[in-house]
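Derivation of every value follows stated rules applied to the coordinates shown; laboratory data play no part. Predicted, not measured: the structure shown is a model, and the values here were computed from it. We place every Cβ from the backbone using ideal geometry, glycine too, and count neighbours over all the protein chains shown.
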Amino acid sequence: MRTSAILLILAAGILIGSPLAAQDPVSIFATYYRCDQSRETDLDPVIAGAFARVLDPLVEAGRIGGHSWRPHVAGTAWRRLATYTAPSRRALLEVRADIIEQAQEEQGAFAMLNEICPSHDDYIWTLVASSPSVAEALPNADEVGLSAYFKCDQARESRADEIYTEIIGPAIQAHVDMGHISGWGWLTHDIGGEFRRIATMGGSDFATILDMREAALGAVRGDHPDEMEEFLTICPSHEDFLWGANITG
């Protein structure tokens, strides 16, 4: 099954130029499911297989950059994360109509999904900044990841984007350059609920990701205390999730 990086899961090569800024916006359609924990592992191979049959041809046709089905490892109520990506919001929404139509051929799988995961939240995210390549920017198909979902002051959140792109991101990038983690990303809310931004980090194991986040943010607090304090006043609360590696059919 062909996949790309999560979260988030973006196709390699969409980012060009600056190692920190996304010159061409990439849109991610993310659906966060609340599921029956006693049955969700039974669902995983069924949905992963259905996604492969419906979405892999769209990847091959160049209509989407990639897709994934990820398990919750730690966090709050969301238990599964489904995503697919496209070069723009318009392309994302146009292909969604075809996805829904083609999913009718997988009625049994999606009926099982609705039974075991009866509620969900939809978001569209746009990549603002990341590591040099998209394949490194967010967790790869066989890697795990951390996502921090921020609630922010909408009147000032563009300033938070500046701080993250210019100060926090480079501090995390230092650990990418040393090979500690695979990459990072900063994404902005387009459509969805109350969360306004996501900070992502990917790597081979959760303990290292968390250690490197602590080290990077500690460096920012030491070198740029005023900017860090400003960032936290703009985005004062967040929820952390650990997402497992992509489940394939």
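Overview of values
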read-out: Odd one out for ARG159, checked against (1) outside any helix (DSSP H, G or I); (2) surrounded by 16 or more Cβ atoms within 10 Å (Cβ to Cβ); (3) not aliphatic (A, V, I, L, M); value: (1)
read-out: Residue in region 191-199 that is within 30 Å of ASP44 (Cα to Cα) and of a type in the set (Asp, Glu) present; value: yes
read-out: Residue under evaluation PRO57, criteria (1) crowded, with 17+ Cβ neighbours inside 10 Å; (2) over 19 Å from the mean Cα position of the chain (by Cα), criterion not met; value: (1)
read-out: Qualifying residue in region 94-113 (condition: β-branched (Val, Ile, Thr), crowded, with 17+ Cβ neighbours inside 10 Å and closer than 30 Å to PHE206 by Cα); value: no
read-out: Within region 199-220, considering residues that are within 20 Å of PRO236 (Cβ to Cβ) and part of a helix (DSSP H, G or I), the one nearest to the chain's Cα centre (by Cα); value: ARG213
read-out: Residue within region 228-236 that is assigned to a loop (DSSP other than H, G, I, E, B) and touching a Phe, Trp or Tyr at 6+ places or on another chain (Cβ under 7 Å) present; value: yes
read-out: Criterion: in contact with a Gly (Cβ under 8 Å, 6 or more places away or on another chain) and not β-branched (Val, Ile, Thr) - qualifying residue of ARG79, ARG53, ARG89; value: ARG53
read-out: Members of region 54-99 that are assigned to a helix (DSSP H, G or I) and under 20 Å from THR248 (Cα atoms); value: VAL54, LEU55, ASP56, PRO57, LEU58, VAL59, GLU60, ILE99
read-out: Any hit, region 191-209, residues being surrounded by 21 or more Cβ atoms within 10 Å (Cβ to Cβ), in contact with a helix residue (DSSP H, G or I) (Cβ under 8 Å, 6 or more places away or on another chain) and either more than 23 Å from ASP121 (Cβ to Cβ) or of a type in the set (Lys, Arg) (or both); value: yes
read-out: Verdict on THR188 being of a type in the set (Ser, Thr, Tyr), part of a strand (DSSP E or B) and either more than 20 Å from TRP69 (Cβ to Cβ) or more than 13 Å from the chain's Cα centre (by Cα) (or both); value: yes
